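Working notes, structure below.
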Amino acid sequence: MTILYHYTINGLLIESGYAASPVDRLPYAVEAPFNSYLKQHKPICLPDTRVDLLRKINSWVDGQSGQCIFWLSGLAGTGKSTIARTFAGTQSQRGGLVASSFFSRGGGDVDHAGKFVTSLACQLANSIPTLHQHVCDAITGYSDLTDRSLREQWHQLVLCPLSKLESTGYQALPEIPIRHGFYQMPDEEYQSFMLHNISPSTVDHDIAIFVEDNLKLIRQERSLDAGWPGEEALRYLVQAASGLFIWATTACRFIREGKRHAARRLDTILKSCGSAGTVTAPEKLGWV
């Protein structure tokens, strides 16, 4: 199918057009990629934070390990999504990312897996020119493909096109290092990393950088004293976070939204921390 556009500039009629690809017909979740419009203000890791973990993930990408999946797991609030966005952005800048998909509870099309496979297939087809025609063939060959199970969609839109690349001699395409994981899984088929196994001192160091950076911004916005809030306050906030970035994020947002009462809000949190006893960070979130 060819789509034509007609428009006029200074009285001159201009026609342009392009041949629509079958890939354009696939249902697509625009919010799925790491760099989608709705994610443009989502945080990424600050410089000098999560250094060892990001180095570990990048080493896995660049290495020759047969482990074709890196499974990053951790408790809620430990920063999995932020780490994933940071990693995706780095790989994109290096030209090593062909597709990304982020789920979000209550996020419309990314709240479920209904458009996961088709969105991934679109990105793969558009990122790897030699794959595009194979995906198109799958779409035209099965007119009801998008109504089939996710397993069938995965097989026809992802596995088969990638296997055809391999059959034509693309055994070592650097831009799709994960593809081998689709058909020849070794005994140890994935590499896993649990965030809660990171040394508490390392996590506290990263949270301290995050909190200090946010409080510096608040200090500048509200023209507070140069020494605000002080080392002791920073230490209390890091300790209160108990290793949870989500607590630190929520606390900093609470302080910043206080505007001219920012310092007072910080004092409120510090007093709560002082009387918390053995209360956990997730329970403290209800106070903020």
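The values are calculated or read from the model by the stated rules, or taken from the named source; none is laboratory data. These numbers come from a predicted model, not from an experiment. Positions of Cβ are generated from backbone atoms using ideal geometry, with glycine treated the same way; all protein chains shown enter the neighbour counts.
A compact table of results
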item	result
Qualifying positions in region 242-288 - of a type outside the set (A, V, I, L, M), under 30 Å from the mean Cα position of the chain (by Cα) and at pLDDT below 65	Thr280, Pro282, Glu283, Lys284, Gly286, Trp287
Test: Leu224 is modelled with pLDDT under 95 and more than 30 Å from Gln64 (Cβ to Cβ)	yes
Qualifying residue in region 126-133 (condition: aliphatic (A, V, I, L, M), surrounded by 15 or more Cβ atoms within 10 Å (Cβ to Cβ), outside the structural domain of Ala248 (by TED's automatic domain parsing) and more than 18 Å from Ser36 (Cα to Cα))	yes
Criterion: surrounded by 16 or more Cβ atoms within 10 Å (Cβ to Cβ), modelled with pLDDT under 95 and on the phi < 0 side of the Ramachandran plot - qualifying residue of Leu162, Leu157, Leu75, Leu120	Leu162
Filter result for Leu150 (buried (at least 17 other Cβ atoms within 10 Å of the Cβ), touching a Phe, Trp or Tyr at 6+ places or on another chain (Cβ under 9 Å) and not β-branched (Val, Ile, Thr))	no
Residue match in region 89-102 (condition: modelled with pLDDT of 90 or more, closer than 24 Å to Arg148 by Cα and out of contact with any Phe, Trp or Tyr (no Cβ under 9 Å at 6 or more places or on another chain))	yes
